[in-house]
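Read the structure below first, then the notes.
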Amino acid sequence: MCVLNLTGDDEDLPTSKLKKGDGINDPESGYSKMFKNKMESRRTFYIVLTLLIFIFAVLIIAVFGLSFAYLTKTEDQRWTCTTEDCLRSASALMESMNKSVDPCEDFYQFACGNFAKMHRIPKTAISNDRFAEVHSTMLLLIRDFLERGDSETECYAVSMSRRLYRSCMATDKMNTDGIKQLVQILDKIGLPYMGLSYEIKTSSFSAILARLKKQINLDYLFVTNVEADTKNRSTNRISLGKPRDTNIFPVHKITEHIRKMSSRKMRETLASEEEVGNTNDNEEYADGIDYLKSYAKYFKAVWTEINKFQSNNFNHNFQTFGIKVSQLLYFMNEHSKIKDEIYDKDDELPSLMTIDWKEYFTIMFMDVENVTLDFETDLIQISNIEYFEALFELISKHRNQAIVNIWWEVVITLLPYTTNEMRFIQDRFYYETTGLENNPSRSLYCANAVNSMMGMAVSRLLLDIETIYNNTIMASEMIENIHWAFEKIVKELNWMDDTTKQRTLYKAQQMKTFIGFPEFINDPFQLDDYYSGFEVMENDYFSNVILYVQQELNNSLLGLRQFNNYTTNSWASDPLEVNAYNWIQANAITVPAGILQFPFFGHDLQMLNYGFLGSILGHELTHGFDNTGRKFDHDGNENMWWTNQTIAEYEKRSDCFIRHYESYLVPDIEEKISGKMTLDENIADNGGLREALLAYRKFVDDHGEEPKLPGFEQYSNEQMYYLAFANNWCEATTRESLSNSILDEHSPNSIRVIAGLTNSDEFSEVWKCEKGSGMNPQNDKCDDKDLTTGTLKGDGLIDPELGCSKMMLNYGFLGTALGHELTRGFDNYGRKFDQDRNENIW
């Protein structure tokens, strides 16, 4: 019998001494659970350790893999801007591009080839571009601001602007008032009953012209104004010149474009009528007949409405209207011919005088406070004397018809501020002759009108837009870099002598820049004082418009005896304008807040800001030294401050620009532009493009390279600069808009891009365009980097008439002999002597 030894003497048997709570033996395995737990813990430890080692190994492999992938990526792929703004910028550029076009063959099509597909032309326009779209956006902001209720803390000027807006919206009240106020204006001017012609004396003709200016500030046959003396900007002079293509009345841009197009159609029709005997184009002849019928219907409908108000004795003889309209259009056409002529010089005063100037100015300055004319000593600035000679000859032959045309000009100018019926008559004529609908929403029309008349008050809306302040600071830094680039270019010029270089640099240093909005709109008291002479009536839009144009004239006339202070108020535009300006006599650049927004500015990447707005700012700076700006010194006075040697060298290079731009045909219409008429703008484009590029390079030197734009990683940042520049001028066009563009002082947008870039060595280098390609032709380029020292939608250059020397003349030009003798002091001999009679190149 086997006995189990429970005493522990048998050492071969596994035994265990247990304390209370230590556990119990496993009867199946013979091991304690404690031992088993230790084994399992050890096994778990090894498993976890193995997993950790595996994970760590995977991480090491991943890190090395990612590092390898990162290192094998290009630098462009590693550094891309992905902010919301960069995505928006990339989208805007991408949707306009046509990547199927070789950028070295046609950069405009490469950058803008698909713009028209994404930016349709409205029914109210003949073209569309970025300037027009931003302007439309601004009108929405203005409308919302004007439709707010007035608060107790709002300044009075803003309240007046909202009252003006309400009066513009009150069309029912305008219908009730009818055309009574228009007829009253015709009577005050002294125009003949119903526009019927009659014999009129010279003195009466002069009085009518003076009252035309006095009552509605309308410059029909010529411009009369009080402006800074071109030789001494601190004082003012009365000035005379040929009519400008501007309108002081609050007209919507849509209406203005349609009006200009209709006017051009009229000139083309009458020109074809003159050549009808030499043409076999039956379609063109039929179009001309249709236009004349539409104009006759237009005249008849307006005439009938006025006749209803004045009498009931209306003769419905259409043949009489046909004759009247023919005479009306004939005078318009003859006047347009001499107005559109480019006059290069001012000769002696015309021997033929058809205006009693003493009577004219006496009426115009009647009741102007603190101004008494002295007909012996007061001087007049006259530009385009050749124009006046042609005008006086036209008036001498058709004096009575001129009066009828003045009557008609007053009527169609004031017509939009009367009844719905009168506006409908005019809009129907525009549609029949242009195919365009002149129907902007009334609220946007009124928003535009109020901004035209009270732009500083409306600009109070900017105070609530935080980005404007940031963009103003950024634009200030940009203009500093552009000034640096300009000075660098001037110092490197090899054709400008040292004397002229120093004077040029000094003028650039003295040039002022106004960015965003003037500080005084922050101060309610100063803003109210700005509009102190203007009062707005509730629900009387016609009277408000008349008061506005009269106030503008009165402010101008008051300035005749005032000293000009260009240090306090040299803003050339209202702050919400989508444009930029160079005011030559102020030697100042104005950059309104309206253009300090997408797509022109505010990008997260400076390469885009410099390409968009930087090239525009460089353009404006260059205007101060172009073919007109170079004639005005650092004080803004007309003065030949360049040496004769430098002027001669400059003019040689200017001729190259004229030939270069005239070598291009405008697409679709196959017509050439005038290189002479567009010279100033072309020089400014070339100069601004190069200055902004050098300024951007300075920014990179100071701050380092920028990241890439998403979707454009294959392009260098300087290539993106040029792409942004071209996008300024992307445009959807029609044949009509292109035909209009050749009459403008700016080159058509596509030519601004192509002609400017083909003239740039830097562009060819940056885009690697081979010699002989479309954008880098074999022929020599104009020396644009030497002529850099040459305004959204074009810019605004505020300067005297291009190519016209100003002549200071005594009122004695009523007697031409005295004027002739005075002119001797400024002829080719007299100009060599200064005011102290010393021979001096002054």
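The values are calculated or read from the model by the stated rules, or taken from the named source; none is laboratory data. Here the structure is a predicted model, which means the values were calculated and not measured. Cβ coordinates were reconstructed from backbone atoms using ideal geometry, including for glycine residues, and neighbour counts include every protein chain displayed. Ligands, DNA and RNA are excluded from the accessible area calculation, which covers all protein heavy atoms including side chains. Shrake-Rupley method; radii C 1.70, N 1.55, O 1.52, S 1.80 Å.
Among the residues making up the stretch 115-153, those that are within 23 Å of D574 (Cβ to Cβ) and of a type in the set (F, W, Y) are F131, F145. Residue count for the stretch 480-524 under the criterion of being assigned to a helix (DSSP H, G or I), under 26 Å from N627 (Cα atoms) and open to solvent by 10 Å² or more (accessible area, probe 1.4 Å): the result is 17. Within the bounds of the stretch 603-617, is there any residue that is closer than 24 Å to L493 by Cβ, of a type in the set (S, T, Y) and over 20 Å from the mean Cα position of the chain (by Cα)? No: zero hits. Of all the residues in the stretch 694-718, those that are open to solvent by 20 Å² or more (accessible area, probe 1.4 Å), part of a helix (DSSP H, G or I) and under 20 Å from C112 (Cα atoms) number 1. Scanning for something touching a Gly at 6+ places or on another chain (Cβ under 8 Å) and crowded, with 18+ Cβ neighbours inside 10 Å, does the stretch 634-649 turn up at least one residue? Checked against the condition, which is being touching a Gly at 6+ places or on another chain (Cβ under 8 Å) and crowded, with 18+ Cβ neighbours inside 10 Å, the stretch 634-649 yields no hits at all. Among the conditions (1) modelled with pLDDT under 90; (2) in a helix (DSSP H, G or I), the only one that V302 does not satisfy is (1).
Applying the condition of being part of a loop (DSSP other than H, G, I, E, B) and surrounded by fewer than 15 Cβ atoms within 10 Å (Cβ to Cβ) to the stretch 248-279 and asking which residue is modelled with the highest pLDDT yields E275. Selection of the stretch 87-105 for residues being among the hydrophobic types (A, V, I, L, M, F, W, C) and assigned to a helix (DSSP H, G or I) yields L87, A90, A92, L93, M94.
Of the residues L391, L373, only one is crowded, with 19+ Cβ neighbours inside 10 Å, modelled with pLDDT under 95 and not basic (K, R); which? Break it down stepwise before answering.
Numbers: L373 fails: crowded, with 19+ Cβ neighbours inside 10 Å.
When all the criteria are applied, what remains is L391.
Give the number of residues within the stretch 604-627 that are in a loop (DSSP other than H, G, I, E, B) and open to solvent by less than 10 Å² (accessible area, probe 1.4 Å).
Narrowing the stretch 604-627 to residues in a loop (DSSP other than H, G, I, E, B): 604-605, 624-627.
Filter once more, so that each one left must be open to solvent by less than 10 Å² (accessible area, probe 1.4 Å): 605, 624-626.
Residues in the stretch 604-627 being in a loop (DSSP other than H, G, I, E, B) and open to solvent by less than 10 Å² (accessible area, probe 1.4 Å): 4 in total.
Taking the numbered list (1) at pLDDT 90 or above; (2) in a helix (DSSP H, G or I) in turn, T433 passes all entries but (1). Does the stretch 704-711 include one or more residues that are at pLDDT 95 or above, under 30 Å from T83 (Cβ atoms), in contact with a Phe, Trp or Tyr (Cβ under 6 Å, 6 or more places away or on another chain) and among the hydrophobic types (A, V, I, L, M, F, W, C)? Checked the stretch 704-711: no residue is at pLDDT 95 or above, under 30 Å from T83 (Cβ atoms), in contact with a Phe, Trp or Tyr (Cβ under 6 Å, 6 or more places away or on another chain) and among the hydrophobic types (A, V, I, L, M, F, W, C). Count of the stretch 211-221 residues, restricted to those that are open to solvent by 10 Å² or more (accessible area, probe 1.4 Å) and touching a strand residue (DSSP E or B) at 6+ places or on another chain (Cβ under 7 Å), is 0.
Tell me whether the stretch 396-416 contains one or more residues that are in a strand (DSSP E or B) and among the β-branched types (V, I, T). Checking the stretch 396-416: not a single residue is in a strand (DSSP E or B) and among the β-branched types (V, I, T). Scanning the stretch 83-115 for residues that are closer than 17 Å to T733 by Cβ and among the small types (G, A, S) returns S96, A111, G113.
For the stretch 527-551, how many residues meet the condition of being exposed (fewer than 15 other Cβ atoms within 10 Å of the Cβ) and farther than 18 Å from M169 by Cα?
Here the count works out to 3.
Among the residues making up the stretch 534-550, those that are within 27 Å of T372 (Cα to Cα) and either among the charged types (D, E, K, R) or at pLDDT 95 or above (or both) are E535, I546, L547, Y548, V549, Q550. In the stretch 179-206, the residue that is modelled with the lowest pLDDT out of those that are β-branched (V, I, T) and more than 37 Å from the chain's Cα centre (by Cα) is T202.
Each residue in the stretch 98-143 was checked for being within 20 Å of A724 (Cα to Cα), open to solvent by 40 Å² or more (accessible area, probe 1.4 Å) and among the hydroxyl-bearing types (S, T, Y), and 1 of them qualify.
Residues that are surrounded by fewer than 20 Cβ atoms within 10 Å (Cβ to Cβ), aromatic (F, W, Y) and assigned to a loop (DSSP other than H, G, I, E, B) do occur in the stretch 655-673, at least one of them.
With respect to (1) open to solvent by 40 Å² or more (accessible area, probe 1.4 Å); (2) out of contact with any Lys or Arg (no Cβ under 7 Å at 6 or more places or on another chain); (3) of a type in the set (D, E, K, R), the lone exception for E691 is condition (1).
Could you tell me whether N587 is on the phi > 0 side of the Ramachandran plot, open to solvent by less than 10 Å² (accessible area, probe 1.4 Å) and not acidic (D, E)? Give the derivation first.
Working: on the phi > 0 side of the Ramachandran plot: yes; open to solvent by less than 10 Å² (accessible area, probe 1.4 Å): yes; not acidic (D, E): yes.
The answer is yes for N587.
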